[in-house]
Structure formats: C-alpha cells, structure tokens
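Colleague: Here you go, one structure.
The values are calculated or read from the model by the stated rules, or taken from the named source; none is laboratory data. Here the structure is a predicted model, which is why all the values come from computation and not from measurement. Using ideal geometry, Cβ is built from the backbone for each residue, glycine included, and neighbour counts are taken over all protein chains shown.
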Amino acid sequence: MQKMFLLLMAVAMAFGFGACKQAPKETAAAPMRMQSDYPAPPMAAVNPQTFTEHGYTRVDDYYWLKDKTDPQVTAYLNAENAYADTVLAHTKALQETLFSEMKGRIKEDDTTVPYLENGYYYYSRTETGKQYRIHCRKKGDLNAPEEVILDENKEAEGRDAFVLGGYRVSPDNNIMAYASNYTGSSVELTLRFRDLRTGQNLPDEIENTGGGAWADDNKTIFYTRRNEALRANRVYKHQLGSKAADPLIYEEKDELFSVYVNRSKSGAYIFMGSSSFTSSEYRMLPANQPNGTFAIFVPREKDVEYQLEHHRNQFILRVKDVNNKNYKIMAAPLTGYADKKNWKDLIPHDPKVKIEGMEVFDQFLSVEVRSEGLQELRVMSLKDGSMQSVAFPEPVYTVFSSTNREYASTQLRYGYMSLNRPNSTYDYDMVTGKSTLLKQQEIPSGFNPDDYEVKRLWATAPDGVKVPMALVHKKGMALDGNNPTLLYSYGSYGYSTDPYFNANVFSLVDRGFVYAIAQIRGGSEMGEQWYEDGKLMKKKNTFTDFIACAEELINQKYTSPRRLAINGGSAGGLLMGAVVNMRPDLFQAVVAQVPFVDVINTMLDPTLPLTTQEYEQWGNPNEKEAYDYIRSYSPYDNIEKKDYPNILATGGINDSQVLFHEPAKWVAKLRAMKTDDNITLLRINMQSGHGGATGRFDRLKEVAFNYAFIMDRLGVKG
C-alpha cells in the first residue's frame, strides 16, 4: 500500500535524439502578455551552498528555501502566490466560468453504490454545498435505517484541510478505527477509534500511522508506525483502553522495506507484510489468536515479490520473479507451505499478459490483467479451474476491480470507464457470467459521449519502441496543426496511466482542445518489462518516450509546438522538468504539479521522507554510477541559459512526499537562468499537502486556475 505514496523522479539530457521532425507551419497566434508586461516577479535571494560528491563540486544557490519555519521562506512563498494571482488576474472571470462548468458536472447530492461487509451495507454520500463526504451504513437491508458513522464535514469544521486515510470496523461491528489528519498530508495520519453504538470517540489515539487490522477479540488491533523519514518500519499491538505502552511486534531494519498489516478476506488470518520495490515477505497470525506469534510464510528473496491471500485449505499467491516478470498465480497448502516444492500453478506466467491484481473469493478467483496496453478481468472457478472473461465494448477503456469485501460472495464488483464514458459500477455474476449495471456517473449539466471521438495512436521512440497514446477530442475536428492540445503523463513506479474519464477536462475539450495521455515506459501499460525499461539506469526512456508522443501529435497535425501544453504531477512533475530541459522548443505551456525536480539533493538526504526506499527506483546516488546518471537528468541541476516554455509549478506547504521547496527552488533557478520573456509562476497551497486542496470544491478552484493558465498561454479565449 505504501508504494502508492512514494516520492517521484524523472528528468533528462538532450543527447541521442538526432534531428527532430519538422512541425507543420503554424498560423499566427493572438498577441499574448509576456513576463515583461507585469511587475517584476519575486526573486529568491542567492545564498550559495557548496557540496562535493564523487569528486564533483556542486553549488546550490537556493538551498535555504527548504525551511518552512523560516519567516523569510514563508514570506517569499506568499509573495510568489500573490504574483501568480496578479499575472493571471485578467483570467479571473475565466477561472470562475471554468469552476462553474466543472461544478455543474458534479452531482452534488449523490450516493455511492453500497457494498456488503459482515452484515452491513456501507456507502458514502455527498450533500449539496458541502465539501466532504458523509460515511454511512445500514444493517442487513438497504431499506434499514441509515447510520452515519463519520461525517467528514463535521471533522473539517474550523480546519483548513481534512484527509480521511480510510477506516475499518471491528469484527463485532461496534468499533471503527479510522485514520485522518488536518494538515492535508496523505501519509502522516492519526488512528482514532469511534464507538458506533454511541457515536463518540474513545480516548485511544495513535499518531503517525496509517491504519491497522483487527483481531477477532474486537479489542486488539495491529498497526504500523512511521519513523522520522516517514517509512513505516514498525508494527505494534494495541488493546483498547490499555494505558500501558503498546508492545513492539516487529521492526523492519532494512531501509529499502516498509511494513503494513491487513486481514485476509476470509477473516482467518492477520497478515504482516514487508516489501520494497523489488521484494516482499509475509508473516501471519490466526486472527483468533491475538496473543500468538507471527509465523513467517517464506523468507524474502532478492527480486521475488508475492501477494498473499487465504482460501480454505490453501494459500493463494500472486508471484513475480526474474523468470515470471508478468506474475503468475500459485497455490500453497496450509501445512507445508514453506517448501516451494509444494506450490502449484493456478494461472501460469504469460510473457504477453501481466497479472496486475487478484481477488480471492470462496468459490472463485478474479484477476486483473493487461495485454498490449488494454485491461481485462478474468474469473477462475476454484472448483474446476474453468476460466471466463468479462467482455467490454470499446477499444480504449479503463476497468478495475472495485470494493469486494465479502469472501463468500459470487458477485464481482467492478468499475468501467473510458475517455468519453463516465464511470459505471457493475456487479458481475461469477456463476452466470452476466454483468449488471448498478450505477453510472451522472453529469447534471449534460453530457453526450457521442459528441467526442476517442483514438489510440502509436509514437516511435528513438530506440524504435512503439509507445501508445490515448486521446479524445470533439468529433469533426480538423487536423490542421492548429488545435490546442494538453498532453498528460506520469511514467514511474509501474503505475499505468489509463484512459479514465475526467469530467473536468471537457472544459478544455469543448473549447477545441485535444486531450491526450502518453502511456510511456516507467508505467506498466505494456507489461512489467515496460516498467523496468523506464527506471534506474533506463529512466531516460521515460522522457524520450514522452517527447516522441509530443512529436507524433505534431506530425499527425493534431497540434503544433505553439499550441501544445503538457501536464504531470509528482513523478510526472519530474517528467515535466526533464522534457523542458531537453526540448523546451517543443512546448508552449507546462503545468508541473508538486514536481519532484530536485532529485540529487533529495536522494542524497536519507533523513527526508521515503528517500532510501526510492533507491530501487532511481538508484543510490551514493554510488558514483547512479549519481552520474541521476545528475545527468535531474531537472533542477540541468537548467541552462536558454529559452523555456511558460511554466506553472505548484506545491503544498505540508507535502511530505515532494517537499514544497522543490518547485520553489526550481522556479527560482529558472527565473535566474532563462533567456525568454515567457511567464514562470509558482503557486503553493499554504494549508495542504501532496494532493492539494482537500475539499471537493476547493480542489476544482485549483483545477480552474491551472486550466486558465493553459488557455491563456495557448491563446484560447474563454
């Protein structure tokens, strides 16, 4: 689970590309306000810090910006925010229009599809005008009285931010453990306990954790704690009401590994996992023996990953090793599981099909797979081994296993969407093979999927590899090279950038934009090898793939450099920083959200959150070969005296994943080095963290600001 929250990286050098393809002739753009049309932007004071690494001397002029407790730093950030508002003041009406459009696509008074767990139907709902969700349940029947178990709006009263990390209810359904905070950080959470019979919180509180797993006695919970670098490295046991110090159950001393705890879907076991980006290990304890000792399943091995679940008289595993990079599904007996000779294949490895996840039920096993960039759901009978596939009608789509908590269920809950199809929730009957639509996302302001065209394109990377893209635009659009275009990507950690439905982006598409997603190496769209070919000493493939996608859009006359904007966040922000250093001529506008751009400084500081775990993604810069490679693409370290596109960088003062100083330093250095008259803006959320504003309407205001910047820089009228 912790992988979902880790740092980010990616940036590059301009060698090895050869002549770029010629762009089509552009039409004259409308006059555009430039940096010189505004008051002088804030300029960060130069305070050089000198570092020597591997015999190389490096000077960092803006190192001082990292201390958010320094009044000079906060004053500078506030000045940057004020300047960004000043520069885009003429788009204020546009921002309000965009906000109203996006808000109009939200069904404000809405309810999620209830799911069954342990005799209760759980769901959440939103109410008109309220920023946050209300979490509810009904006992045994959807017609039963509603019980509100957590109202995020009440939790957020008088606060600048509220984040709910998740909740789990005790086996007797009486106590809810929930993780939350008021800083906007997604990892620094406090675990609290609510008696659902009274609605009152218990005095027990556990700070700096992320969740836990209940034992059968309804009073014991196993949970993780984080160290100063925010690595989850310890597992403790807490008994409700106990005043004694919680006993330490396990400490993970390898800095590449994080620990987590969960309960098997069958309810029989509590699993304690420990994993890095390349290896994993499980320990387990019968859930009815909270005072027992965790037993190791199989010891960790280099480059061997596995996911563990329990099923009747066996364990079921999703396994990856050097010979099975796309994973396979195996079964191990309850006794003798430690000897791998007793394991057997349930679903063998397929070099063309990656198994991305699994759900274990009493009678069935469902797996999420990916082939040639397209997803699929497959269901196996655990009685006779027969296999069936869930069919989907479109050529480009996103499908995912949804909330499936009931071990005995014969229904598989899944979600389905595409670039022009709103999210739909289905139940798939694993006995009959039929899908039933439960709910489709409603767009109150109106939406017709048939007004838009969805396509899949392939770009050719410099090494000859074909890179897929998914895009959407209005039907009937002319391919004249003059369409405003937004190209988005991520490309790290093996996370696939799938063509999901984003209602907000239609504020651009309806104004003539092409919206494109580049499925570049570093993700897993084309299998696990796709991921491995975009990390460590192959990280630059991520950047060159993205550039190839941009060039393909230009060559196919969807757009031109003067009409092309790009966007990425976190590790995708590293991507943004890398490609603008490599090919600044290719883009007109860049939105880099919480960008991981100060790679060398961050990766050399093991006290920063999550740094050491990232060695398996980017390399360990304490080793010269890795240091030289990272330094060759690190965005902050490769800024040069040359023209750059228009750039908007965002950050969060409470971000614990990409600290706020990274975009702040990047912008300061860009302003000092660039030779153009394009605008460069920094906007820091002074109340929140990595995900920006936490309220659903406040979040839309941030999107509206970003879109207004893009439209203004591309010369698109509101």
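Colleague: Would you check which residues across the range 609-655 are in a helix (DSSP H, G or I), surrounded by fewer than 21 Cβ atoms within 10 Å (Cβ to Cβ) and not aromatic (F, W, Y) and list them?
Modeller: Matches in the range 609-655: T612, E616, K624, E625, A626, D628, R631, S632, D637, N638.
Colleague: Another question, then. For the range 675-710: of the residues being in contact with a helix residue (DSSP H, G or I) (Cβ under 8 Å, 6 or more places away or on another chain) and hydroxyl-bearing (S, T, Y), which is modelled with the lowest pLDDT?
Modeller: Here the residue is T694.
Colleague: Among the residues of the range 428-439, is any touching a Lys or Arg at 6+ places or on another chain (Cβ under 9 Å) and closer than 26 Å to Y120 by Cα?
Modeller: Yes, the range 428-439 contains at least one residue that is touching a Lys or Arg at 6+ places or on another chain (Cβ under 9 Å) and closer than 26 Å to Y120 by Cα.
Colleague: What number of residues in the range 266-301 are touching a Leu at 6+ places or on another chain (Cβ under 8 Å), surrounded by 17 or more Cβ atoms within 10 Å (Cβ to Cβ) and either in a strand (DSSP E or B) or among the aromatic types (F, W, Y) (or both)?
Modeller: Total meeting the criteria: 10.
Colleague: Exactly one condition in (1) assigned to a helix (DSSP H, G or I); (2) in contact (Cβ under 8 Å) with a residue 12 or more places away in the chain; (3) more than 17 Å from R563 (Cβ to Cβ) is not met by V505; state its number.
Modeller: The number of the failed condition is (3).
Colleague: Can I ask one more? Which condition does Y558 not pass, out of (1) outside any loop (DSSP other than H, G, I, E, B); (2) over 23 Å from Y416 (Cβ atoms), if it passes all the others?
Modeller: (1)
Colleague: Counting only residues that are modelled with pLDDT under 95 and assigned to a strand (DSSP E or B), which one in the range 207-217 is nearest to V261 (Cα to Cα)?
Modeller: First, the residues of the range 207-217 that are modelled with pLDDT under 95: 207-212.
Of the ones still in play, those that are also assigned to a strand (DSSP E or B) are 207-209, 212.
Numbers: E207: 16, N208: 15, T209: 11, G212: 6 Å.
In this case the residue turns out to be G212.
Colleague: Moving on to the next point. If you check D345 against the conditions, is it among the acidic types (D, E) and touching a strand residue (DSSP E or B) at 6+ places or on another chain (Cβ under 9 Å)?
Modeller: Yes, satisfied.
Colleague: Something else now. Which condition breaks for V658 when tested against (1) closer than 18 Å to K66 by Cβ; (2) of a type outside the set (G, A, S); (3) touching a Ser or Thr at 6+ places or on another chain (Cβ under 7 Å); (4) surrounded by fewer than 24 Cβ atoms within 10 Å (Cβ to Cβ)?
Modeller: So V658 meets the others, but not (4).
Colleague: On to the next question. Scan the range 119-138 and report the pairs whose first residue is touching a residue at least 12 places away in the same chain (Cβ under 8 Å) and over 10 Å from D151 (Cα atoms) and whose second residue is among the basic types (K, R) and surrounded by fewer than 18 Cβ atoms within 10 Å (Cβ to Cβ), with Cβ atoms within less than 7 Å and a gap of 6+ or a chain change.
Modeller: Pairs found: G119/K139; Y120/K138; Y120/K139; Y121/K138; Q131/R696.
Colleague: Got at least one residue in the range 502-516 being within 20 Å of E702 (Cβ to Cβ) and touching an Asp or Glu at 6+ places or on another chain (Cβ under 7 Å)?
Modeller: The answer is yes; a qualifying residue exists.
Colleague: For the range 222-231, enumerate the residues that are without any contact (Cβ under 8 Å) to a residue 24 or more places away in the chain and crowded, with 17+ Cβ neighbours inside 10 Å.
Modeller: R225
Colleague: Quick check on the range 581-591. Is at least one of its residues outside any helix (DSSP H, G or I), closer than 24 Å to I547 by Cβ, modelled with pLDDT of 95 or more and within 19 Å of the chain's Cα centre (by Cα)? Break it down into steps so the answer makes sense when it comes.
Modeller: Here is the first cut: in the range 581-591, the ones outside any helix (DSSP H, G or I) are 583, 587-591.
Keeping just the survivors that are closer than 24 Å to I547 by Cβ gives 583, 587-591.
Narrowing the set further to residues that are modelled with pLDDT of 95 or more leaves 583, 587-591.
Okay, now just the ones that are also within 19 Å of the chain's Cα centre (by Cα), so 591.
Scanning the range 581-591 turns up at least one residue that is outside any helix (DSSP H, G or I), closer than 24 Å to I547 by Cβ, modelled with pLDDT of 95 or more and within 19 Å of the chain's Cα centre (by Cα).
Colleague: Looking at (1) free of Cβ contacts under 8 Å to residues at least 24 places away in the same chain; (2) crowded, with 24+ Cβ neighbours inside 10 Å, find the lone condition where A478 falls short.
Modeller: (2)
Colleague: Quickly run through the range 656-683 and pick out the residues that are in contact with a strand residue (DSSP E or B) (Cβ under 9 Å, 6 or more places away or on another chain), hydrophobic (A, V, I, L, M, F, W, C) and not in a loop (DSSP other than H, G, I, E, B).
Modeller: A664, W666, V667, A668, L670, L681, L682
Colleague: Look at the range 218-265 and say how many of its residues are in a loop (DSSP other than H, G, I, E, B), of a type in the set (F, W, Y) and over 25 Å from E301 (Cβ atoms).
Modeller: 0
Colleague: Next question. Would you pick out the residues in the range 42-79 that are touching a Lys or Arg at 6+ places or on another chain (Cβ under 6 Å) and either part of a loop (DSSP other than H, G, I, E, B) or over 16 Å from I653 (Cβ atoms) (or both)? Walk me through it before giving the result.
Modeller: So in the range 42-79, the residues touching a Lys or Arg at 6+ places or on another chain (Cβ under 6 Å) come out as 51, 54, 62, 65.
Scanning the range 42-79 gives F51, H54, Y62.
Colleague: Before we move on, is E616 within 21 Å of G523 (Cα to Cα) and among the charged types (D, E, K, R)?
Modeller: yes
Colleague: Continuing with the same structure: Take the residues in the range 190-221 that are within 22 Å of R137 (Cβ to Cβ) and of a type in the set (G, A, S); name whichever of them is surrounded by the most Cβ atoms within 10 Å (Cβ to Cβ).
Modeller: G212
Colleague: Under 6 Å by Cβ, and 6 or more places apart or on different chains, what pairs join a residue from the range 444-456 that is under 19 Å from L374 (Cβ atoms) and acidic (D, E) with one that is at pLDDT 95 or above and exposed (fewer than 13 other Cβ atoms within 10 Å of the Cβ)?
Modeller: E453/K475
Colleague: List the number of the failed condition for Y121; all other conditions in (1) modelled with pLDDT under 95; (2) surrounded by 16 or more Cβ atoms within 10 Å (Cβ to Cβ) hold.
Modeller: Evaluating Y121 over (1) modelled with pLDDT under 95; (2) surrounded by 16 or more Cβ atoms within 10 Å (Cβ to Cβ) leaves (1) as the failure.
Colleague: State the number of residues belonging to the range 508-525 that are assigned to a loop (DSSP other than H, G, I, E, B), of a type outside the set (D, E) and surrounded by fewer than 24 Cβ atoms within 10 Å (Cβ to Cβ).
Modeller: Our first condition is that a residue be assigned to a loop (DSSP other than H, G, I, E, B); within the range 508-525, this holds for 510-513, 519-520, 522, 524-525.
Of the ones still in play, those that are also of a type outside the set (D, E) are 511-513, 519-520, 522, 524.
When the remaining residues are screened for being surrounded by fewer than 24 Cβ atoms within 10 Å (Cβ to Cβ), the result is 511-512, 524.
So the answer is 3.
Colleague: Let me ask something else. Please work out which one of (1) touching a residue at least 40 places away in the same chain (Cβ under 8 Å); (2) surrounded by 18 or more Cβ atoms within 10 Å (Cβ to Cβ); (3) of a type in the set (D, E, K, R) is the condition E255 fails and give its number.
Modeller: (2)
Colleague: Given the options S371, S389, name the one that is over 27 Å from the mean Cα position of the chain (by Cα) and of a type in the set (G, A, S).
Modeller: Values: S371 fails: over 27 Å from the mean Cα position of the chain (by Cα).
Testing whether each residue is over 27 Å from the mean Cα position of the chain (by Cα) and of a type in the set (G, A, S) leaves just S389.
Colleague: From G415, G481, grab the single residue that is at pLDDT 95 or above, among the small types (G, A, S) and under 23 Å from the mean Cα position of the chain (by Cα).
Modeller: G415
Colleague: A further question follows. Checking the structure you have, find out if any residue of the range 459-471 is over 14 Å from E552 (Cα atoms), buried (at least 18 other Cβ atoms within 10 Å of the Cβ) and touching a residue at least 12 places away in the same chain (Cβ under 8 Å).
Modeller: Checking the range 459-471: not a single residue is over 14 Å from E552 (Cα atoms), buried (at least 18 other Cβ atoms within 10 Å of the Cβ) and touching a residue at least 12 places away in the same chain (Cβ under 8 Å).
Colleague: So in the range 61-99, with the set limited to residues that are within 28 Å of the chain's Cα centre (by Cα) and within 18 Å of L670 (Cα to Cα), which one is surrounded by the most Cβ atoms within 10 Å (Cβ to Cβ)?
Modeller: Among residues in the range 61-99 that are within 28 Å of the chain's Cα centre (by Cα) and within 18 Å of L670 (Cα to Cα), the one surrounded by the most Cβ atoms within 10 Å (Cβ to Cβ) is L65.
Colleague: How about the range 523-538: which of its residues are within 26 Å of F587 (Cα to Cα), touching a strand residue (DSSP E or B) at 6+ places or on another chain (Cβ under 9 Å) and not hydroxyl-bearing (S, T, Y)?
Modeller: E525, W530, D533, G534, K535, K538
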